[in-house]
Amino acid sequence: CSGQYTNMLFQATQNGLAEQWPAVKKAYAEANQLLGDIVKVTPSSKTCGDLAQFMVTNNLSADDVREQAASLNFPLSVVEYFQGALGIPAGGIPEPLRSQILAGAGKTDETFVGRPGAELAPVDLEAERVKLEEKHGVEIDDQQLMSAVMYPKVFDEFMAAVGEFGDLSSLPTRAFVEPMDFGDEIDLSFGQGVNVTVKLIGLGDLDDATGTREVFFELNGFPRSVKRVDTSAASSLVTRPKAAPGEVGSVGAPMPGVVVDVKIAVGDAVAAGEPMVVLSAMKME
């Protein structure tokens, strides 16, 4: 349970819900009951957490979810759970909530009746390895191959990060997920006696034209600097107002995130319930 809360707290913080953490925990218990009081393991615990944060973000109670199930834009993980993509829990998936959510998502005819893995198409692992090596330009070991087959999107994001920053496995977890404070030091070990100490000294002024700042640090006591995009400053330069009630064409997002896919084109006619965009926030779609 502590591991689930730790992961969900980090996710909630990244989604701007840190100050509503008590509400997220309460919603987690309600979400669990909506899902049928399921066993919590990865990924079912994530599904429950996604639903809880969705409820808090949209100010929904458990009764609200039941009443509005057919019209709400649930996170993808929740829809997939009700499709049976995680398997069928003891006691089954709660009805009529299941049918309402699937109808609203247009997934009524895309469900599993047994073990989802039994319906997977065969995979030629060596052929997939060749494709991955051609795509990323590096040799793919067995661990990377299985990661890519099971989690292709996450693996692509991982490889993109490695391509930009190099091997980050020596970086302490806290320094990876949270900004360092001025004066903080971290010790990195790269094996074979190669040890590096990095100390953050300060930041330069924001370059409004490029959205970058110069980062000043010491590497084994020697001064260094590098220019990086300041994502927090860049985002503050753009105003993204919420949907305005009564304004034709103003559509509110069900939760904060980044648009990762657009399903329609300008001028298309859309019907109620038809997907228009896909949002992503901390692996929640």
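Residues of the range 97-140 that are closer than 22 Å to Tyr81 by Cβ, open to solvent by 80 Å² or more (accessible area, probe 1.4 Å) and either part of a helix (DSSP H, G or I) or out of contact with any helix residue (DSSP H, G or I) (no Cβ under 7 Å at 6 or more places or on another chain) (or both): Asp109, Val113, Arg115, Glu119, Leu120.
Only a single criterion out of (1) crowded, with 21+ Cβ neighbours inside 10 Å; (2) not in a helix (DSSP H, G or I) is not satisfied by Val41, namely (1). Within the range 205-212, is even one residue surrounded by 14 or more Cβ atoms within 10 Å (Cβ to Cβ), touching a residue at least 24 places away in the same chain (Cβ under 8 Å) and either touching a helix residue (DSSP H, G or I) at 6+ places or on another chain (Cβ under 6 Å) or under 30 Å from Val130 (Cβ atoms) (or both)? Yes, the range 205-212 contains a residue that is surrounded by 14 or more Cβ atoms within 10 Å (Cβ to Cβ), touching a residue at least 24 places away in the same chain (Cβ under 8 Å) and either touching a helix residue (DSSP H, G or I) at 6+ places or on another chain (Cβ under 6 Å) or under 30 Å from Val130 (Cβ atoms) (or both).
Looking at this structure, is Glu139 within 22 Å of Gly166 (Cα to Cα) and of a type in the set (Asp, Glu)? Yes, satisfied. Among the residues of the range 1-23, those that are touching a residue at least 12 places away in the same chain (Cβ under 8 Å) and within 17 Å of the chain's Cα centre (by Cα) comprise Gln4, Tyr5, Asn7, Met8, Leu9, Phe10, Gln11, Ala12, Gln14, Asn15, Gly16, Leu17.
Could you list all residues from the range 44-59 that are open to solvent by 30 Å² or more (accessible area, probe 1.4 Å), more than 26 Å from Val113 (Cα to Cα) and either under 20 Å from the mean Cα position of the chain (by Cα) or of a type in the set (Ser, Thr, Tyr) (or both)? Residues satisfying the conditions are Thr57, Asn58.
Among what's in the range 60-80 and is within 17 Å of Val277 (Cα to Cα) and not in a helix (DSSP H, G or I), pick the residue that is least open to solvent (accessible area, probe 1.4 Å). Looking at residues that are within 17 Å of Val277 (Cα to Cα) and not in a helix (DSSP H, G or I), I get Pro75.
Do we find a residue being modelled with pLDDT of 85 or more, more than 23 Å from the chain's Cα centre (by Cα) and among the basic types (Lys, Arg) anywhere in the range 166-180? For the range 166-180, residues modelled with pLDDT of 85 or more, more than 23 Å from the chain's Cα centre (by Cα) and among the basic types (Lys, Arg): absent.
What number of residues in the range 25-36 are open to solvent by 20 Å² or more (accessible area, probe 1.4 Å) and without any contact (Cβ under 8 Å) to a residue 40 or more places away in the chain? The number of residues fulfilling the criteria is 6.
The values are calculated or read from the model by the stated rules, or taken from the named source; none is laboratory data. Quick caveat: nothing in here was measured; it's all calculated off a predicted structure. So basically every Cβ, Gly included, is an ideal-geometry build from the backbone, and we count neighbours across all protein chains shown. Accessible surface areas use protein heavy atoms only, side chains included; no ligands, DNA or RNA. Shrake-Rupley method; radii C 1.70, N 1.55, O 1.52, S 1.80 Å.
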